[in-house]
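Take a look at the structure below.
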Amino acid sequence: MDKKGMTRRDYLYLMGAGATALATSTVNVGCAGTKERTAKEQPAEPNPAEVTDRARRMQWWHAAKFGMFVHWGLYSGLGRHEWAIDIEGIPVAEYERLAKQFVPKPNAARAWARLAKQAGQKYMVMTTKHLEGFCLFNTKYTNYCAPKQACGRDLVREFVEAARKEGLGVGFYYCLWDEHHPDGTRCAQDEVARKRFVEYTHGQIRELCTNYGKIDVLWYDAPWPLDAKGWESEKMNKMVFELQPDIIVNNRNDLPGDFSTPEQEIVAEKGGRAWESCMTMNDSWGYHKADDAWKSPKTIVRNLITCAKGGGNYLLNIGPKADGSIPEESVRILTAVGKWMEKNGPTIYQAEPFQGGWHTYANYTRKGNTLYVHVHFWPGSTVTVAGLRTKVKSARLFATGQPVDFKQEEFRVQFTGLPERAPDELATVIEVECDGEPVQDMEWVRRERPRRAVDVTL
Ligand code: GLC
């Protein structure tokens, strides 16, 4: 069914409302190998010049691996998720009153940037406008923006300065869908409204790409209710690249862009296409005061490992309160993740994709001939990995450098003499030097491992 033929409900479902609801059943929290998309979902091959330019623009991002997503807006004052305006059918005039109360403490973003840096995150992506239509930046196209309302400040500028101060990449999230602008819905039926709304949208994106210096990521979202043709997305991207030749853009203006954006799940792209899994720490993007479905630091670390194993990035969300303070749970979780990254960061940042399978108490990343075995459920003094077709030369605990004894048989390697209790509660990393690029083949084990004769009567 094409988008125009969809019901609004179908589309909302596809655009993520449903994906969020489904998250708990579809999310792959790192216990299995990274899932992969099927070939038919891959975008068409770009030309060689585009491939080279993209590789150049994306180099820092591939090395970054871990970013902070920030959902912040008037909805943060309601504290019931950024979809409140839609889900609760709040009258626009009533919703607008929130702009009179939204006066965050100055430079709240500095604490976010410090936390991101400490957590090992290398870039930040903040909502400049969500579906509520309120702009956190200064725009000549509407008065419905922070500098012209009670806040009286350009919150995007504060964010940009804070991120740069910590040496982090700067990303702008911009929601095409708009529940406030009068043309936001009728643009689908009325050509004059569409033209006006496209001018508004492109004009704001131009402002974002002009007024804040070098921007590293443009993160479009929710192309409802138009398609790439309706949004004039080719022209949109062309303008963005003219203004910001080094920027990278995602795939949510209905064009493939530079990278894919699996949401609330970890799904690797095939054929080397870049991907970034975005995820909440509880079940909400925007601040939700009653949402207590927090993931543990261990789950976050496992997800980060799964992303790195599959060659992807992990964009992990915080939803600051209206005053800009970060929910305590998010601080606690990110601080714990940061401590783990301090010791084990290189096993993530330098990771190259590893083809191997899954394990019930460990996961893997790889760099060259080195395999990192990340053990999250510590089994005791012996850790066993099956199906490694590469010869192990040596092993040690990554965090301490302490050598680890091992015994390699045809179908398994056993790392022995380890402590009974997990050296690192979140994940202990065993660094395994191999005599070539490690290859794991569980199919081979299942097929070739000799069976013993059993008493079969058939
Ligand atoms: C989902 C949410 C949306 C959020 C986005 C981030 O699509 O519905 O509000 O901004 O995820 O990826």
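Each value in this text was obtained by applying a stated rule to the coordinates, not by laboratory testing. Quick caveat: nothing in here was measured; it's all calculated off a predicted structure. Counting neighbours? That spans all protein chains shown, and the Cβs are built from the backbone with ideal geometry, glycine included.
Entry note, the range 160-263: relative contact order of 27 percent, from Cα contacts under 8 Å with a spacing of 6+ residues. Highest mean packing comes first when the peptides 375-384, 278-287, 440-449 are listed by Cβ atoms within 10 Å, giving 278-287, 375-384, 440-449.
Per-residue ellipticity at 222 nm, computed for the chain from helices alone with -39500 (n - 2.57) per DSSP H run of at least four residues, works out to -9500 deg cm²/dmol. Considering only DSSP beta bridges whose two residues both sit in the chain, what percent are antiparallel, to the nearest 5? Percentage antiparallel, nearest 5: 50. Each of 62, 181, 130 was scored by other Cβ atoms within 10 Å of its Cβ. Arranged with the fewest first, they read 62, 181, 130. Overall form of the range 49-347: oblate. Here a/c, set by the Cα gyration tensor axes a ≥ b ≥ c, is 1.5 or more, and a/b is not larger than b/c. Residues 175, 151, ranked from the fewest to the most other C-beta atoms within 10 Å, line up as 151, 175.
Compared with the dominant principal axis of the Cα atoms in the chain, helix 155-165 is inclined by about 40°.
Compared with the dominant Cα axis of the chain, that is its longest principal axis, helix 17-26 is turned about 10°.
For the chain, the relative contact order works out to 17 percent when only alpha carbon pairs closer than 8 Å and six or more residues apart are counted. Near residue 176, once Lys and Arg are set to +1 and Asp and Glu to -1 for all other residues with Cβ below 10 Å from its Cβ, the sum equals -1.
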